[in-house]
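J.: Below: one structure in C-alpha cells.
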Amino acid sequence: MLNYSLLENPLNSFREGQEVSVPLNVTEDDMRSFASLSKDLNTLHQEESFARAHGFAGRVVYGGLLVAAVSRLLGMKLPGKGWVWHSVAMQFHSPLYVGEPAEVRGVVKHLNDDIGVIQISLQILRSGQVIAKGEAQAGRLKAGTLPERPAS
C-alpha cells in the first residue's frame, strides 16, 4: 500500500509571491550537538574570546545550522510534505550569534505545474536585516514513487 498522505501540498495549493517564515534561535545545546555531529570544531564557533579577537560580537553560529533551519522551512512549511529538494544555494552576508533571534523566510518565486516544480527565494533575517539569502527548487513526489509504509 502506498503512503498517499505525503501528497499534502499539491502545486496548485501555492501561488507566486506566497510567503512563509519560521523562527530561528540557535542555542548552546544546538551548537554542541552540531559540533558533535559534524566534527567541525572551528574556533570561531567554539570560543567567545577568539571570535571577539577577530572582530565578531561573539561566537558565530555554524552555517550548517542556518541551512538546517532552511531545511525545516522547506520540509515542513513551503513546500512541505510530499516534495523533495532538487537544489538549495545560500550566500551568507553577516553572522548570526548564539542565542540571537532570527527568521527564515521563503517566498514562492515560480511554479511549473507541468513538471511539478517550485522555486523558492530564501532569506534569513536578524532584526529585519538580511544576513543570508538564497534559492531552492523542489519537485513534487508522484504517488507511484513513494515507498510502501511498513505495517504497524
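J.: Translational diffusion coefficient, Stokes-Einstein: compute it for the chain using the Kirkwood radius over C-alpha pairs as Rh, at 37 °C and 0.692 mPa s, and state it as an integer in µm² s⁻¹. Numbers along the way, then the final one.
T.: On the way: Rh = 16.9 Å.
D = 194 µm²/s.
J.: Let me ask something additional. On a 0 to 90° scale, report how tilted helix 28-38 is relative to the longest principal axis of the chain, with both axes built from alpha carbons and the result rounded to the nearest 10.
T.: Between the helix axis and the principal axis of the chain, the angle is about 70 degrees.
J.: Right, next: Please enumerate, by chain and number, the lysines with C-alpha under 24 Å from the C-alpha of residue 81, excluding those fewer than 8 residues away in the same chain.
T.: In chain and number order, the partners are 109, 133, 142.
J.: With unit charges on the beta carbons (Lys and Arg positive, Asp and Glu negative) and the dipole taken about the Cα centre of the chain, which residue among 101, 121, 82 sits farthest to the positive side?
T.: Result: 82, furthest along the dipole toward the positive end.
J.: What is the helix-to-structure angle for 63-76, meaning the angle in degrees between its Cα long axis and the longest Cα principal axis of the chain, kept from 0 to 90 and rounded to the nearest 10?
T.: Compared with the principal axis, the helix lies near 30 degrees.
J.: Additional query: Would you mind counting up the charge near residue 126? Only other residues with Cβ under 13 Å from its Cβ, with Lys and Arg at +1 and Asp and Glu at -1.
T.: 0
J.: If you put +1 on each Lys and Arg Cβ and -1 on each Asp and Glu Cβ, how big is the dipole of region 60-139 around its Cα centre, in Debye rounded to 20?
T.: 160 debye
Every number in this text was worked out from the coordinates using simple rules, so none of it is lab data. Remember, predicted model here, so these are calculated numbers, not experimental data. Note that each Cβ is placed from the backbone with ideal geometry, even for glycine, and that neighbours are counted across all protein chains shown.
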